[in-house]
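Working notes, structure below.
The values are calculated or read from the model by the stated rules, or taken from the named source; none is laboratory data. Worth saying up front: this structure is predicted, and the values here are computed from it rather than measured. Positions of Cβ are backbone-derived with ideal geometry, glycine not excepted, and every protein chain shown enters the neighbour counts. Quick note on the areas: whole protein, heavy atoms, side chains included, nothing else; ligands and nucleic acids left out. Shrake-Rupley method; radii C 1.70, N 1.55, O 1.52, S 1.80 Å.
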Amino acid sequence: MNTAFVVCETTGQWIADFVAAIRAAGLGAELVTQPLEPAEQAQLTELVDGIVFVDDVRDAEAVAEAIRARNARPAGLVTAAEGIIASVARAAELLGVARCPASVFTVTHNKFAVRQTLAAAGLPGPRCALISSAAEAESVAAEVGLPAIVKPVNGAASNLVRTVSTVDELAAAYRLLAERLPLSEDARYHRLIGGGPSLIDPLQVFLVEGLLRGPEYAVDVLVRDGVAEPVAVVEKPLIDERKFELGMVCPPLELSEKDTERLFAAAKAAALALGLDNTCAHLELIDDAGLGPTIVEVNAGRPAGGAQPVLLKLATGIDVIAEAVSLALGTPPPARGTGLPVPVGYLIFYAEGTGRLVRVDGTDEVADLPEVLEVVTIVRPGQLLTDDQEIYAVNVLAAGFADTEDLAALHAEAAKLIRFELEES
């Protein structure tokens, strides 16, 4: 039996899901990771056929060398860890098992380079610019227009995304990001970003984009041998003031077939313009009043995060994790089932404040609510949770609601039952 290698930098629910998909494809599964605490190592050892340790999973040469020493002809490499997708693709190139060029992922993990690439392909997008000091706020505001969004160039999970309406607010947002990002434990912010004409320091340079206005959606796209296939449209009707997602619906409650096709076309065009092939991507869009369906974010090389794969499988019968593994390894496409005959809702709950998680209570009570299909808790004790980052802590899948108001009422009811205990870190 040949072996596929799962590369991770921190533990997460996705590892077990990917291992299950690899084994369903008839392959063995080993893990490549950095040194672990004994408890973490014991837990992961039960999941996989072996563990390969490297000092830095972002070092593509070291990862390739360690895998080669273990298996001269691996079946392939997979990961869903956002910050290492490009380096894992480079390791796959060094091992001769790459399915999509690492250079493509380097571009897609640079939000400014994505904007430039999509614009060069003739696709719509907001005006955008980089800001490298608070003193540039006035000139950047004039270039981009206000109101605007300020975000890290390589961020994820709505980390430190800010909406600004004045030059002073833009300058203040710059100072906030410059103060907070160096404190982040996420390694992605402590490495220079490629993918453009020059390297970018993500701790000092941020992206400013004109504000898009309209309903928000997400589309996962599978690209196999140059053909892009959208999985489904997911509507995001419940979003809080931090831009954190509270509730999604698949399929949308009120979206015409014509508008669905418009969103599909925009997502497919973006994936192909970025050079994605034999991989997947999770794309977020706003149907802007002036521009039409416009790409907001591209998460390339992995399916949707949190429990969105569960949502998509319930709604469509398509297992996007199994599809992602198949694309990464070049194995036959997985079998597909049939989705539920009604819209499926997805509710997300976050811890309040900042600290390390002690425990989560109340999920059993939520599971007993009549509309609830499944409760998925993704966070683990000891994990650092913060208000600055959109960390999908508790995820609830539901059906049987009539409209967005029903979905919002269910979110409010479940929120009263879920309790997070944090300790200061």
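Tabulated data for the structure shown
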{"quantity": "Hits in region 342-395 - residues which are in contact with a helix residue (DSSP H, G or I) (Cβ under 9 Å, 6 or more places away or on another chain), more than 18 Å from VAL310 (Cβ to Cβ), open to solvent by less than 60 Å² (accessible area, probe 1.4 Å) and not in a loop (DSSP other than H, G, I, E, B)", "calculated": "ASP361"}
{"quantity": "Flag if LEU130 is assigned to a strand (DSSP E or B), open to solvent by 10 Å² or more (accessible area, probe 1.4 Å) and at pLDDT 95 or above", "calculated": "yes"}
{"quantity": "Residue in region 162-173 that is outside any helix (DSSP H, G or I), in contact with a helix residue (DSSP H, G or I) (Cβ under 7 Å, 6 or more places away or on another chain), without any contact (Cβ under 8 Å) to a residue 24 or more places away in the chain and under 28 Å from ALA80 (Cα atoms) present", "calculated": "yes"}
{"quantity": "Scan of region 17-44 for residues that are open to solvent by 30 Å² or more (accessible area, probe 1.4 Å) and either at pLDDT below 95 or farther than 27 Å from VAL375 by Cβ (or both), ordered by number", "calculated": "ALA25, GLY26, GLN34, PRO35, LEU36, GLU37, PRO38, ALA39, GLU40, GLN41, ALA42, GLN43"}
{"quantity": "Test: residue in region 263-284 that is part of a helix (DSSP H, G or I) and more than 20 Å from GLY122 (Cα to Cα)", "calculated": "no"}
{"quantity": "When residues of region 218-252 are limited to those that are closer than 16 Å to GLY306 by Cβ and among the acidic types (Asp, Glu), the one surrounded by the most Cβ atoms within 10 Å (Cβ to Cβ)", "calculated": "ASP220"}
{"quantity": "Yes/no for ALA142 being over 17 Å from LYS111 (Cβ atoms), free of Cβ contacts under 8 Å to residues at least 60 places away in the same chain and open to solvent by less than 40 Å² (accessible area, probe 1.4 Å)", "calculated": "no"}
{"quantity": "THR363 of a type in the set (Ser, Thr, Tyr), farther than 30 Å from CYS100 by Cβ and touching a strand residue (DSSP E or B) at 6+ places or on another chain (Cβ under 9 Å)", "calculated": "yes"}
{"quantity": "Pair list, Cβ under 8 Å, 6 or more apart: region 191-219 residue closer than 20 Å to LEU177 by Cβ, other residue aromatic (Phe, Trp, Tyr) and surrounded by 19 or more Cβ atoms within 10 Å (Cβ to Cβ)", "calculated": "GLY196/PHE112; ILE200/PHE112; PRO202/TYR189; LEU203/TYR189; PHE206/TYR174; LEU207/PHE112"}
{"quantity": "Among (1) touching a residue at least 60 places away in the same chain (Cβ under 8 Å); (2) surrounded by 14 or more Cβ atoms within 10 Å (Cβ to Cβ) - the single one GLY339 does not satisfy", "calculated": "(1)"}
{"quantity": "Test: residue in region 54-62 that is open to solvent by less than 30 Å² (accessible area, probe 1.4 Å) and in contact (Cβ under 8 Å) with a residue 40 or more places away in the chain", "calculated": "yes"}
{"quantity": "Single residue of region 285-330 satisfying the filter (among the hydroxyl-bearing types (Ser, Thr, Tyr) and open to solvent by less than 20 Å² (accessible area, probe 1.4 Å)) that is nearest to PHE349 (Cα to Cα)", "calculated": "THR294"}
